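Inspection log for the structure reproduced underneath, given as structure tokens.
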Amino acid sequence: MNPTGTTTRRSPLDRHHARFAAATRASGGAVRLAEFPFLTQFSVRLDPKGPAGDTVGPALGVELPLEPNTLVRGGESAVLRMGPDEWLVVGPPGAGDDLRERLRAASECPAASVVDVSAQRTTLLVGGARSRDMLERGCSLDLHPRSFGAGRCASTILARTQVVLAARDAHKPGFWVLVRSSFAGYLGDWLLDAATEYTGPLAF
């Protein structure tokens, strides 16, 4: 509780923020670590060939990505193809009501579902010139831009943890890592340990 008597919302990696910042500074640009907490996230399931497949994309201002393991961005939102009939819609914090209304209005059919999964995951930025090298120490995917460049995403294992991995824009080297809140602390510690190759020992 804060002095006003209200509960302060803490992110899953709240205690890692100062350590992420210290590692980022010490690396001299080699790696950048940061949490982007409380992003709005909706799981959308529908038949891409059905009526909802034609209406959900325009409601979000994008075309639903149909190629496996791809994503599209539109405005402040991103839409990730998670499976044959499943997409993950990610928006800024506090956008839940707006996105929910647009998604449900556009997918009003018995075969479609829209579920708010914002509380399931937090989001990490792993950026910098050596971000790919660092992640490949714990991930079996080929993360080279020729295989996993801008517009690519995947559900995969990183450091024995299930994550959703998405490449950043082409002019910004790095990745977004969406991880279950209950595993975020472990993954945060793993990333800090992996970053010591570029930061040297850090006193926390």
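The values are calculated or read from the model by the stated rules, or taken from the named source; none is laboratory data. Just so we're clear, the structure is a prediction, and the values are computed from it rather than from any experiment. For neighbour counting, all protein chains shown are included, and Cβ atoms are generated from backbone atoms with ideal geometry for every residue, glycine included. SASA here: full protein model, heavy atoms, side chains in, ligands and nucleic acids out. Shrake-Rupley method; radii C 1.70, N 1.55, O 1.52, S 1.80 Å.
Summary table
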read-out	value
Neighbourhood net charge (14 Å Cβ-Cβ; Lys/Arg +1, Asp/Glu -1) for residue 13	+3
For the range 16-84: Kirkwood Rh in Å [reciprocal of mean 1/r, alpha carbons]	14.7 Å
Gain on full stretching of the segment that runs from residue 14 to residue 36 - 0.36 nm per residue minus C-alpha separation	6.9 nm
Net charge of Cβ neighbours under 13 Å - reference residue 173; Lys, Arg +1; Asp, Glu -1	+3
The range 101-201: relative contact order as a whole-number percent, Cα under 8 Å and 6+ apart	27 percent
Theoretical gain in end-to-end length, residue 117 to residue 171 [0.36 nm per residue, Cα-Cα removed]	16.5 nm
Carbon plus sulfur fraction of accessible area for the chain, probe 1.4 Å, in percent	52 percent
Relative contact order of the range 26-162, defined on C-alpha pairs under 8 angstrom at six or more residues apart (%)	34 percent
Order by protection proxy (mean Cβ within 10 Å, highest first), peptides 63-74, 153-164	153-164, 63-74
Calculated FRET efficiency for the pair residue 137/residue 180, C-beta based, R₀ 22 Å, to 0.05	0.60
Expected 222 nm ellipticity per residue - DSSP helices of 4 or more, -39500 (n - 2.57), all of the chain, to 500	-8000 deg cm²/dmol
Electrostatic dipole magnitude of the chain [Cβ: Lys, Arg +1; Asp, Glu -1; Cα centre; debye, to 20]	560 debye
Per-residue ³J(HN,Hα) for the range 49-65, Karplus 6.51 cos²θ - 1.76 cosθ + 1.60, θ = phi - 60°, Hz, x for Gly and Pro	8, x, x, 5, x, 8, 10, 5, x, x, 5, 9, x, 9, 9, 4, x
Per residue Cα convex hull volume in Å³ - calculated over the chain	134 Å³
Local electrostatic count, residue 153, Cβ distance below 12 Å [Lys/Arg +1, Asp/Glu -1]	+3
Per-residue SASA entry for residue 17, accessible area with 1.4 Å probe, Å² rounded to 10	70 Å²
Quarter of the Cα convex hull surface for the range 48-163, i.e. its orientation-mean projected area (nm²)	8.0 nm²
Å² per residue, accessible surface of the range 62-204 at 1.4 Å	50 Å²
Vicinal HN-Hα couplings computed from phi for the range 127-138 (Karplus, 6.51 cos²θ - 1.76 cosθ + 1.60; Hz; Gly/Pro x)	x, x, 4, 10, 4, 5, 4, 5, 5, 5, 5, x
